[in-house]
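To start, the structure itself, in C-alpha cells.
The values are calculated or read from the model by the stated rules, or taken from the named source; none is laboratory data. Fair warning: this is a prediction, and the values are worked out from it, not measured in the lab. A quick note on method: Cβ atoms are made from the backbone with ideal geometry, for glycine too, and the neighbour counts reach across all protein chains shown. Note: areas computed on protein heavy atoms with side chains; ligands, DNA, RNA excluded. Shrake-Rupley method; radii C 1.70, N 1.55, O 1.52, S 1.80 Å.
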Amino acid sequence: MPSFSNTTSRPFPKRLYTLSEVALAGLLLLMLGVALPTLLESAVNWWLAAGLYVLMGTLVVSFWPYGPLGWANRVTLGRGVLVTIVAGALAASAFTNAIWLWLAVAVIALLLDGVDGWIARHTKTHTPFGARFDMELDALLILLLCIGLLQSEHLGVWVLLIGGVRYLFVAASWQLPWLKAPLFDSFRRKAVCVWQVVALLLALTPLTSPLAASLLALSALATLIYSFGFDVWWLHRQHKCQTSPAADWRKNDNHI
C-alpha cells in the first residue's frame with residue numbers, strides 16, 4: 001500500500017498517468033459546465049471553477065505519483081469536479097437563479113461520498129491519500145454551502161464558522177503539535193459531518209423560512225463545536241498523560 005513518506009522517491013513518468021486522468025476529469029468539468037449554463041453563466045463563474053480545479057489537480061498530481069488513480073480515487077476526483085461547479089456558481093451569486101439545480105449538484109457530490117469509500121473497501125485500495133482527498137472535499141463542500149447560505153439568506157458571517165472550524169483546528173495545530181495526533185475512529189464524527197451538509201442543504205432550499213434556516217444552521221454549528229470540543233479535550237488528555245511525570249517514570253522504568 002502506498003504512503004506519503006516515499007512520494008518523492010518514485011519515478012516522474014508515473015505522474016504522467018495521473019496527469020492524464022486529471023486532464024480527463026478537466027474535460028468532464030468543461031462538458032458539465034456547458035451543460036449547466038445557468039450555474040456557470042459568466043466568465044467569472046468559469047474562472048473560479050477552473051481555477052479551483054487546477055489547484056485541486058495540481059495537488060493530486062503532487063501527492064499521487066503512483067500512476068493510475070484507481071477507481072475509488074477517480075470517483076473522488078469526479079466529486080471534485082462537482083464541487084468546483086458548486087464553487088464556480090457562487091461568483092456573482094449566479095446560483096441563486098438556479099438554486100434547485102445548484103443544490104442537486106451538491107447533493108450528488110454528497111451521495112458520491114459514500115461510493116468512493118465503498119469502492120476502496122471492496123477493492124482493498126484504501127490509502128491515506130484517498131482518505132485525505134475525500135476529507136478535504138467534504139470540508140470544502142461544507143464551506144461552500146456556508147458561503148451560499150451567507151449570500152442567499154443573509155444570516156450573518158457567523159455561518160462561516162460551520163465551514164471554518166475545521167480550518168481553525170488545522171491552523172491551531174501548527175502552534176499546538178499535540179492536535180496533530182491521530183484520533184480514534186468515531187461514528188459521532190461521521191454523523192456530525194453528514195448532519196452539517198444535510199442541515200445546510202435544507203437551510204438553502206427556497207421552501208425553508210429564514211427562521212428555520214437559522215435554526216438549522218445553528219444546529220449544525222452546535223453539533224460541530226461539540227464534536228471538535230470533545231476531540232480537542234481527548235487529544236489534550238492524551239498529551240497530558242504522555243508528558244506527565246508518571247509517564248516519564250514509566251518510560252525510565254521500562255529501560256531498566
For a Förster distance of 51 Å, can you work out the FRET efficiency between the beta-carbons of Lys240 and Ala43, rounded to the nearest 0.05?
0.40
Specify which labelled value, from (i) 14.7; (ii) 16.6; (iii) 13.2, agrees with mean projected area of the Cα convex hull in nm² derived from the coordinates of the model shown.
(ii)
Full-stretch length increase - Leu211, Leu111 - with 0.36 nm per residue and alpha-carbon distance subtracted
33.3 nm
Filtering the chain for DSSP H helices with an axial alpha carbon extent of at least 20 Å and a Kyte-Doolittle mean of at least 0.0 returns 13-35, 43-63, 71-88, 99-122, 128-153, 160-175, 187-204, 210-243
For the chain, what is the accessible area per residue in Å², given a 1.4 Å probe and the full set of protein chains?
55
Taking a label point 7 Å from the Cα of Leu28 along the Cα→Cβ vector, which residues of the range 131-167 have an amide N closer than 17 Å to it?
131, 133-138, 141
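Round to a whole number: what % of the accessible area of the chain belongs to carbon and sulfur, probe 1.4 Å? Numbers along the way, then the final one.
Details: 10130 of 13960 Å².
Exposed carbon and sulfur together represent 73 percent of the surface.
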